[in-house]
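This report concerns only the one structure given below.
Laboratory data are not the source of any read-out in this text; all were calculated from the coordinates shown. Note that this is a predicted model, so its numbers are computed, not measured. We place every Cβ from the backbone using ideal geometry, glycine too, and count neighbours over all the protein chains shown.
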Ligand SMILES: Nc1ncnc2c1ncn2[C@@H]1O[C@H](COP(=O)(O)OP(=O)(O)OP(=O)(O)O)[C@@H](O)[C@H]1O
Ligand SMILES: [Mg+2]
């Protein structure tokens, strides 16, 4: 099965979802993100979904659950690049998305993470391997 | 008249059906928001087929009276005992699921009908009309 690559930048993880994904890959990605947070001590996670023209309830729920679980591991997740049509559709779908933090693009997503204590500086130092 | 069908028998068919619905909706002249709503409703209902009935078929069809699109989801699975109850937000037989598929799909389209018989299968139609 294909896996989505997870990049590490300073103390952040960076994931860019480039294609429409099926449920098994989405679930695997969630596990991989959580594993990487605990392995690297990352304090921030940025997931860019600007390439996605559809986010259904399964995808939305997984992104939300992943955000909550990451918080328990000490990392903040920011979802960036939700398209307007996707946002409108998600509201109609009726999913409670209060657990997720978003920013309009990667730049402002990083600004958000940067302003969080410990994500880019002074906080916990990344474990080295 | 545009018409196409997709068999739902594994995970990737959920992607195929929603992509095809978007393609046909685009050709019919639906805007980006309606395309996205149709594709998302299709994703929810195709996933239900895959999850509960194991397999089934999705028929996508352009309609003219009034102009728009109809998508039919048909399976020979276990059926739904009380379709009205199943349409309610929060109703689910899957632990941990939110029961948003049917109620959410209904909000995303202009019309939706369910016919289901226990032990025989389920037939769901969704309609969206051109503005
Ligand atoms: N094609 C089907 N065949 C048999 N039962 C179905 C079918 N589609 C839906 N159901 C039943 O209706 C219930 C509600 O479906 P719905 O899609 O709204 O929620 P869900 O699939 O349980 O959760 P979610 O879609 O939010 O993950 C399901 O739990 C299932 O029992
Ligand atoms: Mg469902």
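Please work out if residue B:20 is more than 13 Å from ligand 2 (Cβ to nearest atom) and either over 15 Å from the mean Cα position of the chain (by Cα) or more than 10 Å from chain A (Cβ to nearest Cβ) (or both).
Yes.
Are any residues in the range B:55-66 surrounded by fewer than 16 Cβ atoms within 10 Å (Cβ to Cβ) and within 14 Å of ligand 1 (Cβ to nearest atom), and if so, which ones?
Across the range B:55-66, the qualifying residue is only B:55.
The rows are residues; the columns are (1) within 12 Å of ligand 2 (Cβ to nearest atom); (2) under 24 Å from residue A:88 (Cα atoms); (3) not in a helix (DSSP H, G or I).
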residue	(1), (2), (3)
B:58	no, no, yes
B:61	no, no, yes
B:69	no, yes, yes
B:80	yes, no, yes
B:91	yes, yes, yes
B:95	no, no, yes
B:107	no, yes, no
B:112	no, yes, yes
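Before we move on, is residue A:83 crowded, with 17+ Cβ neighbours inside 10 Å, more than 16 Å from ligand 2 (Cβ to nearest atom), within 9 Å of chain B (Cβ to nearest Cβ) and touching a residue at least 12 places away in the same chain (Cβ under 8 Å)?
yes
Let's see how each residue does on (1) within 12 Å of chain A (Cβ to nearest Cβ); (2) without any contact (Cβ under 8 Å) to a residue 60 or more places away in the chain; (3) buried (at least 16 other Cβ atoms within 10 Å of the Cβ):
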position	(1), (2), (3)
B:34	yes, no, yes
B:38	yes, no, yes
B:53	no, no, yes
B:68	no, no, yes
B:72	no, yes, yes
B:82	no, yes, no
B:95	no, yes, no
B:111	no, yes, no
B:126	no, no, yes
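How many of the residues in the range B:5-15 are within 14 Å of the chain's Cα centre (by Cα) and more than 10 Å from chain A (Cβ to nearest Cβ)?
Here the count works out to 4.
For the subset of the range A:11-38 comprising residues that are part of a loop (DSSP other than H, G, I, E, B) and within 13 Å of another protein chain (Cβ to nearest Cβ), which member is surrounded by the fewest Cβ atoms within 10 Å (Cβ to Cβ)?
A:19
As an exercise: evaluate residue A:66 against (1) part of a loop (DSSP other than H, G, I, E, B); (2) in contact with a helix residue (DSSP H, G or I) (Cβ under 7 Å, 6 or more places away or on another chain) and give the number of the one condition it does not meet.
Tallying (1) part of a loop (DSSP other than H, G, I, E, B); (2) in contact with a helix residue (DSSP H, G or I) (Cβ under 7 Å, 6 or more places away or on another chain), residue A:66 fails exactly one: (1).
It is to be established whether one or more residues within the range B:31-49 are away from ligand 1 (no atom under 13 Å from the Cβ), over 15 Å from the mean Cα position of the chain (by Cα) and assigned to a helix (DSSP H, G or I).
yes
Can you report the number of residues in the range B:67-101 which are within 15 Å of residue B:126 (Cα to Cα) and more than 10 Å from ligand 1 (Cβ to nearest atom)?
Within the range B:67-101, residues that are within 15 Å of residue B:126 (Cα to Cα) and more than 10 Å from ligand 1 (Cβ to nearest atom) number 6.
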